[in-house]
Amino acid sequence: MKIFVFDIDGTISKNGLKVSDEICDAMAHLLVKHRVIFASARPIRDMLPMLNRKITEHSNTILVGCNGGMAYQQGNFILTKFLEKPYVENCLLRLKALNLPYVLDGKWAFSLSEKEHNFHHYISSLSHARLDEVDLLHDGVSKILVLLDKANQEIYTQFNHDNISFHIHKKENFFDITPHGNNKYNTLKQLIGKQKYVAFGNDFNDFLMLKNAKTSVYLGDKQEIETDYYLDDVDLVGEFLYQHFL
């Protein structure tokens with residue numbers, strides 16, 4: 001049994017749309033003999049609508065959400081990490097003072113800032129699990145997603161501290177904050193130990209996972225990271241899987 005690890009957005013999904021039938025069919029074939037792990041910046045609740053149920057409910061499937069902050073298998077959370085409440089409260093004070101829009105993700109629910117952003121509509125279209133900010137703070141915050149319209153190094157510097165994990169989403173200029181030491185690769189190690197794996201990714205938050213893979217596939221520019229294979233387009237992933245692994 002091999003282990004395959006896939007990022008979702010920009011790797012097997014285009015423009016936030018559900019993963020195509022062709023790629024889902026390839027995943028279903030992989031699951032017959034192999035374990036498949038989906039590792040995303042999305043929380044679990046927003047990962048589930050991206051894939052069909054025969055994949056998400058399969059015993060060989062694991063979902064890793066919030067950049068490693070949570071893991072989920074066959075309807076159950078098997079791992080959840082939360083930011084410290086005093087840190088979240090302080091962070092929210094700064095975000096509100098700067099009038100920046102954001103999303104708070106909990107184990108299942110989410111909360112939206114009073115400052116509106118178009119991305120809020122997308123989040124709300126995927127799930128009705130919205131809570132008031134006070135209630136979500138009480139339950140625990142796994143990730144803070146800050147919605148910038150353009151790159152801003154000064155803002156990045158203000159929020160990037162030693163006691164948290166900081167991830168910039170290069171294509172959207174958003175950034176997210178998760179618990180210290182939190183990333184896809186560290187959570188992957190917790191789940192599979194020293195077992196070798198095949199990894200597919202397209203963004204900075206995938207780099208560590210790709211660099212430590214036995215076989216790595218990057219969706220993007222060859223100048224950004226050294227991997228075993230490069231693909232120019234999400235639509236090529238299904239064909240690539242059939243050619244090399246099925």
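Taking the Cβ of A28 as the centre, find all other residues whose Cβ is under 13 Å away and add up their charges (Lys, Arg: +1; Asp, Glu: -1).
Local net charge: -1.
Work out from phi, with θ = phi - 60° and the Karplus expression 6.51 cos²θ - 1.76 cosθ + 1.60, the ³J(HN,Hα) of each residue of region 41-57, listed in order in whole Hz, and give x for Gly and Pro.
6, 5, x, 4, 4, 8, 7, 4, x, 7, 10, 6, 5, 5, 8, 5, 9
Which value in Å is the Kirkwood Rh of region 1-44 over different Cα pairs?
So the Kirkwood estimate lands at 11.1 Å.
Please report the Cα spread of region 157-231 along all three principal axes, rounded to whole Å, starting with the longest.
Result, largest extent first: 36, 30, 14 Å.
Can you tell me the length gained on complete extension of the stretch L236 to K14, counting 0.36 nm per residue apart and subtracting the Cα distance?
Length gained, L236 through K14: 78.7 nm.
Please report M209, M50, M1 as a ranked list, fewest other C-beta atoms within 10 angstrom at the top and most at the bottom.
M1, M50, M209
Using the Cα atoms of region 1-85 to build a convex hull, what is its mean projected area in square nanometres?
Computing the convex hull of the Cα atoms and averaging its projections yields 5.6 nm².
Label F245 and L98 with points 7 Å out from Cα along Cα→Cβ: what is the distance between them in nm?
About 3.7 nm separates the two model spin labels.
What's the extension gain from E89 to V32 if we count 0.36 nm per residue and subtract their Cα-Cα distance?
16.0 nm
With the calculation restricted to Cα positions, what are the radius of gyration and Dmax of region 87-216 in angstrom?
In Å, with Rg to one decimal and Dmax whole: 15.8, 46.
What's the tally of Lys pairs in region 97-212 whose alpha-carbon atoms lie under 23 angstrom apart, where the two lysines are 8 or more places apart or on different chains?
Value for region 97-212: 24.
Using θ = phi - 60° and the Karplus relation 6.51 cos²θ - 1.76 cosθ + 1.60, list the HN-Hα couplings for region 162-176 in order, rounded to whole Hz, with x at every Gly or Pro.
Going residue by residue, I get 5, 8, 9, 9, 10, 10, 9, 9, 4, 6, 9, 6, 6, 9, 10 Hz, with x marking Gly and Pro.
From the P(r) of region 73-131, can you give the percent of Cα pairs sitting at distances over 15 Å?
58 percent
Multiplying the sequence separation of Y122 and N152 by 0.36 nm and subtracting their Cα-Cα distance, what value in nm do you get?
The Y122-N152 span can extend by a further 8.5 nm.
What does the highest-first list of 148-157, 54-63 look like by mean Cβ count within 10 Å?
54-63, 148-157
Where does the chain land on Rg(C-alpha)/(2.2 N^0.38 Å)?
0.98
Distance in nm between label sites at D139 and D162, each 7 Å beyond Cα in the beta-carbon direction?
Rounded to a tenth, the inter-label distance reads 3.4 nm.
Every read-out reported here was derived from the displayed coordinates using simple, explicitly stated rules and does not represent laboratory data. Note that this is a predicted model, so its numbers are computed, not measured. Here the Cβ is made from the backbone with ideal geometry for all residues, glycine too, and neighbour counts use every protein chain on show.
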